[in-house]
Amino acid sequence: MSTVKVDTIQNSAGVEVFTTKAWVNFDARTTLSVTDSGNVSSVTDNSTGNFSINFSNALSTAGYSPNGFGVGYSSTSLAKHATITLDPSGTNTTIAKTKTTSAVRILTGNSANGVVYDAGENSLAVVA
């Protein structure tokens with residue numbers, strides 16, 4: 001297997017191509033379980049619906065864009081849609097105050113009523 005190392009990727013017109021810097025898929029229904037990931041060392045369960053995604057390798061800036069979705073389950077059947085929002089303050093608010101180069105904090109829950117819960121399938125990608 002070969003490894004290609006570059007500082008930036010550009011298309012043929014010289015425009016930089018931005019890539020996913022980290023991604024994770026995890027289940028939080030009972031015991032937190034990471035299904036698969038890239039550049040994520042761990043997921044910390046801070047409280048119900050509140051998680052820290054810790055990067056294996058620090059990002060060059062905290063100006064990245066985290067994007068995600070969640071699916072809520074009741075036992076094994078789909079019960080409700082889960083929304084992922086930022087909660088880097090750790091106060092269970094959706095006001096994004098800080099993201100760091102080493103981690104991002106998220107909330108999972110129902111965007112319609114603001115109730116946080118541990119969703120069954122959570123996926124997050126960080127693009128920069």
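The values are calculated or read from the model by the stated rules, or taken from the named source; none is laboratory data. Quantities reported herein were computed from a predicted structural model and do not represent experimental measurements. So basically every Cβ, Gly included, is an ideal-geometry build from the backbone, and we count neighbours across all protein chains shown.
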Quiz item: Out of all the residues in the range 83-128, which are exposed (fewer than 14 other Cβ atoms within 10 Å of the Cβ) and either at pLDDT 75 or above or charged (D, E, K, R) (or both)?
Solution: LYS97, VAL115, VAL127
Exercise. Could you look through the range 42-70, keep only residues that are outside any loop (DSSP other than H, G, I, E, B) and exposed (fewer than 14 other Cβ atoms within 10 Å of the Cβ), and pick out the one that is modelled with the highest pLDDT?
Key: THR44
Practice problem: Restricting attention to the range 1-32, report how many residues are closer than 19 Å to GLY49 by Cα and surrounded by 11 or more Cβ atoms within 10 Å (Cβ to Cβ). | Solution: 8
